[in-house]
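To start, the structure under review is shown below, and the notes come after it.
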């Protein structure tokens, strides 16, 4: 069932590639501009929660600096600084390479990543599709964790072609803790994954004012536990 749902979402991503040519690459941030989000994740039934901070800033035309703080793949606290640069174009979208360094549970970690993103456009809507994969390599523990997110986002346009205030997103989040030992074991316990996790995160954002959005999301584990919760966040472009 889990593999079927993952395959269906991936099929949706591939189908969306036929929506039209890209209007812009997803990376990097334009030089001198940035993006920041602050969010609170809270599991249901009195479960635990955590706060996440994500920041990007365009240093140059091809180089983006970022900060990612919150919860790691293994469910521990993290703070990572990274640099990202585009390297090629594939399937009408842009591929970017990322390298980060920081701490997870106060232990040093190296975090390489690979991302693909494509903008989508139609007369009555605009959006994007993205696939982001990152590895968290514990330099002391020698463990290797992996996380991949599949994201599809859509903003409707009014009859004059102007974007509406509402944006709808669907994200599939997958992760494997300690790849060498747990590659084929899938389980999820709330927002603190065990050996592996797979969860679906539909969300909606509303533009409060120019450049600032309020996000409300619901996350649901795609396994027998059915654990779930909500995410509340703020986005801002500057």
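The values are calculated or read from the model by the stated rules, or taken from the named source; none is laboratory data. Keep in mind the model is a prediction, meaning the values are calculated, not measured. Here the Cβ positions follow ideal geometry from the backbone for every residue, glycine too, while neighbour counts run over all protein chains shown.
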Item to complete: Considering each residue of region 143-170, count those that are over 21 Å from residue 233 (Cβ atoms), touching a helix residue (DSSP H, G or I) at 6+ places or on another chain (Cβ under 9 Å) and in a strand (DSSP E or B), and give that number.
Response: 3
Worksheet item: Does residue 190 satisfy being at pLDDT below 90, surrounded by 18 or more Cβ atoms within 10 Å (Cβ to Cβ), touching a strand residue (DSSP E or B) at 6+ places or on another chain (Cβ under 7 Å) and assigned to a loop (DSSP other than H, G, I, E, B)?
Response: yes
Item to complete: Would you please name the residue that is surrounded by the most Cβ atoms within 10 Å (Cβ to Cβ), looking only at residues in region 223-238 that are more than 15 Å from the chain's Cα centre (by Cα) and under 11 Å from residue 201 (Cβ atoms)?
Response: 229
Worksheet item: Here is a list of conditions, (1) at pLDDT below 95; (2) in a strand (DSSP E or B), and residue 81 meets all of them except one; can you say which number that is?
Response: (1)
Worksheet item: Looking at this structure, is residue 66 in a strand (DSSP E or B), farther than 20 Å from residue 203 by Cα and modelled with pLDDT of 95 or more?
Response: no
